[in-house]
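Each remark here refers to the structure printed beneath this line.
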Amino acid sequence: MSEYSSTLPGMMLCAKQHQAKIVAVRAMAQDTWAVKVHAPELAATITPGQFFMIRPATGSDPLLGRPFALFDIVRDAAGQPTGVEFGFVKVGKMTTLMSQWSKGDEVSVWGPLGNGFPVPECRHLICVAGGIGQTPFLGVIREALGLESYGIPPRSITTRPQQVSLCYGVRSAGYLAGIEEFTIPGLDLQIATDDGSTGHQGYVTQLLQNKLAQNSDGVHVYCCGPEPMMKAVAEICKAAAVPCWLSLETPMACGFGACFSCVTKVVEPDGSWDYRRTCVEGPVFRAEQLVL
Amino acid sequence: MADLSVSLNRLTLKNPILVASGTFGYAKEMTAFVEFAHLGGIIPKTVTPQPRPGNPPPRTVETASGMLNSIGLDNDGFDQFVAEKLPYLTGLGTSIVVNIAGKTNDDFRRMATRLNEVPGVSAIELNISCPNVSGGVDFGTDPSLAAEVVAAVRESCSIPVIAKLTPNVTSVVPIAKAVADAGADAVSLINTFQGMAVDWKRRRPVLGNVLGGLSGPAIKPLALRIIWQVSQQVKIPIIGIGGIQSIDDVMEFFLVGATAVQIGTANFYNPGLANQIIRELPEALATLKAESVKDIVGTLQIPKRD
């Protein structure tokens, strides 16, 4: 059970609840959508790997907000942040409704929430994404390549990675979402598909293993995706003695630590475990902190 | 200016809008969203004598206009609460109602005795109604056991005592009567309704604990009904709880007999709601030409039948 002070990271203090309007909705890939929301304050403060909660401004079904990671910051002609874009797979009641949102629809949004990925300080940053788990990595990669900075004051990097890779695995080519955005000079983009419709046929973990086999010195791994994949990535990194961070997606009701829904098993100093809230102590954890 | 203050026997609140236990963390989590000092009161998450890890996830699932939860009283235990959370809470400029749960009368007695020594604790709310843990629910479903625990706490402290009751009984009335007779200052009506969600394709319950408690707008009509029934037969003040998400909901609770209300599940999806309702309350009272909250409590008019 946590020290009380540690349950409220500094990031939370700039969180706010906003009434906001939808700017645009677009199809990103098969069953996959992206929504842009006008929320200048959120856009100015959120950092890669952090999330926010969103729901319709009115009504009670669906009821609770849903958590989404930042995909992209929307900027005006002068480069000022005006909103956030996030991606999602249409799977249930809320995501079906969200895919039908249109410009001008009113929503309630609160954030930024949680602890994102640390500022990348390593020789080679490898991001490993499964399915819709790629969304937080656009910001991570842009920051690592020095193309964009996030937060107020802007986060700075002392040791910028010399190499940045994204290993991105999906079921089939149709599910690749945001490939245009991820086509960035300086990014080593590696794709795996289960059916071999594009890229490497097989698991994305094989791509990671290949990279680590070439040179694992000074590598840091950031991972987001389905739990079995993250577990495999954590094991590969442990075997290679490479530091690994995982971003968890656990069901949550509030996103700010009030409901105690989103717990995951976190290792205690004495080797036992305790349920900790993913929303305020994560969603990004060091892999060795977790009982997967 | 309307008088928003309310009295629940020995407990006086600056206004009738509280936030419900288990939906507001220990308040610190809500810092970014809530003006604490404007609230009528804060009821932090239930504390138990010993730390409890809580139930296995998934702990919540959304249902039609509501949610099921089976958190399982996940908390760091009474000593840690008193040492680390209570000093923060009692400095927030609003009434702090400490919600406690135990497995025996002695558990409740010991915690009440300690809380009596802490300056700034406005009242104790007895959670004898959590549907998600064994050992607590029995108090709340049996009038004589409920009365015993209330009497034990009354003997142990001089601060006001509120009994939070479960709706998972044939009638709440006899239990409310029993705790009133045992000396409770007020009753909080109601805790969650026991429920269940099923994932038929996987042949599994959705919640890790199989059963959970239903809350949210879906239960508001049930809460109104129970408060109405209890208010007809029990003299002590009622704190209404159940699916409140607007000033209109709050006014409905007052009319059926609640003297104060708790905002619960809505804190999760609209954390600024309690502050908003407090701002809207004077105008709503004016609509009924009332100058104070107590002027409208229990003033529902039932049309005569022909």
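One residue stands out in the range B:266-291 among those that are farther than 20 Å from B:I241 by Cα and in contact (Cβ under 8 Å) with a residue 60 or more places away in the chain: the one that is nearest to the other protein chains (Cβ to nearest Cβ), namely B:P282.
Looking only at residues in the range A:237-265 that are surrounded by 20 or more Cβ atoms within 10 Å (Cβ to Cβ) and free of Cβ contacts under 8 Å to residues at least 40 places away in the same chain, the one that is farthest from the other protein chains (Cβ to nearest Cβ) is A:V242.
Just checking: which of the strands (runs of 3 or more DSSP E) contained wholly in the range B:1-63 hold 2 or more residues that are in contact (Cβ under 8 Å) with a residue 40 or more places away in the chain and within 14 Å of B:I96 (Cβ to Cβ)?
On the way: elements: B:6-8, B:11-13, B:17-19, B:60-63.
So the answer is B:11-13, B:17-19.
The residue that is farthest from A:A129 (Cα to Cα), counting only those in the range A:162-192 that are buried (at least 22 other Cβ atoms within 10 Å of the Cβ) and β-branched (V, I, T), is A:V164.
Is one or more of the residues making up the range B:287-296 surrounded by 15 or more Cβ atoms within 10 Å (Cβ to Cβ), out of contact with any Gly (no Cβ under 6 Å at 6 or more places or on another chain) and of a type in the set (K, R)? Quick ask: steps written out before the conclusion?
Residues of the range B:287-296 surrounded by 15 or more Cβ atoms within 10 Å (Cβ to Cβ): B:290, B:293-294, B:296.
Cutting the leftovers down to out of contact with any Gly (no Cβ under 6 Å at 6 or more places or on another chain) gives us B:290, B:293-294, B:296.
If we keep only those that are of a type in the set (K, R) too, we end up with B:294.
Yes, there is a match, as at least one residue in the range B:287-296 is surrounded by 15 or more Cβ atoms within 10 Å (Cβ to Cβ), out of contact with any Gly (no Cβ under 6 Å at 6 or more places or on another chain) and of a type in the set (K, R).
You will find that of B:V230, B:V210, the residue that is more than 18 Å from the chain's Cα centre (by Cα) and more than 14 Å from chain A (Cβ to nearest Cβ) is B:V210 and no other. Annotation for the range B:221-238: at least one member residue is open to solvent by 10 Å² or more (accessible area, probe 1.4 Å), closer than 24 Å to B:K45 by Cβ and in a loop (DSSP other than H, G, I, E, B). For B:V61, the conditions (1) more than 9 Å from chain A (Cβ to nearest Cβ); (2) of a type outside the set (S, T, N, Q); (3) open to solvent by 20 Å² or more (accessible area, probe 1.4 Å); (4) under 30 Å from A:P62 (Cβ atoms) all hold with the exception of (1). Set side by side, the residues B:S129, B:S158, B:S134 differ, and just one is at pLDDT below 95 and over 22 Å from B:A223 (Cβ atoms), which is B:S134.
Here's the yes/no breakdown for (1) surrounded by fewer than 18 Cβ atoms within 10 Å (Cβ to Cβ); (2) closer than 25 Å to A:I184 by Cα:
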| site | (1), (2) |
| --- | --- |
| A:T45 | no, yes |
| A:V91 | yes, no |
| A:L97 | yes, no |
| A:V109 | no, no |
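Looking only at the range B:10-25, which residues are at negative phi, within 14 Å of chain A (Cβ to nearest Cβ) and open to solvent by less than 10 Å² (accessible area, probe 1.4 Å)? Within the range B:10-25, B:V19, B:A20, B:F24 meet the criteria. Counting the residues of the range B:77-111 that are over 20 Å from the mean Cα position of the chain (by Cα) and facing chain A (nearest Cβ under 9 Å) gives 3. Looking at B:S144, B:S158, just one residue is in contact with a helix residue (DSSP H, G or I) (Cβ under 8 Å, 6 or more places away or on another chain), more than 14 Å from chain A (Cβ to nearest Cβ) and in a loop (DSSP other than H, G, I, E, B), and that residue is B:S158. The residues of the range A:198-231 that are in a loop (DSSP other than H, G, I, E, B) and over 20 Å from A:A173 (Cβ atoms), listed by number, are A:N215, A:S216, A:D217, A:G218. The requirement of being within 14 Å of chain B (Cβ to nearest Cβ), closer than 30 Å to B:M67 by Cα, open to solvent by less than 60 Å² (accessible area, probe 1.4 Å) and within 21 Å of the chain's Cα centre (by Cα) is not satisfied by A:G225. Can you find even one residue in the range B:84-93 that is open to solvent by less than 10 Å² (accessible area, probe 1.4 Å) and either touching a His at 6+ places or on another chain (Cβ under 8 Å) or without any contact (Cβ under 8 Å) to a residue 12 or more places away in the chain (or both)? Within the range B:84-93, none of the residues are open to solvent by less than 10 Å² (accessible area, probe 1.4 Å) and either touching a His at 6+ places or on another chain (Cβ under 8 Å) or without any contact (Cβ under 8 Å) to a residue 12 or more places away in the chain (or both).
The values are calculated or read from the model by the stated rules, or taken from the named source; none is laboratory data. Owing to the predicted nature of the structure, the values given are computational and were not obtained by experimental measurement. No Cβ is skipped: glycine too gets one built from the backbone with ideal geometry, and neighbour counts run over all protein chains shown. The protein model used for the area step is the full one, side chains on, heavy atoms only, and it has no ligands, DNA or RNA in it. Shrake-Rupley method; radii C 1.70, N 1.55, O 1.52, S 1.80 Å.
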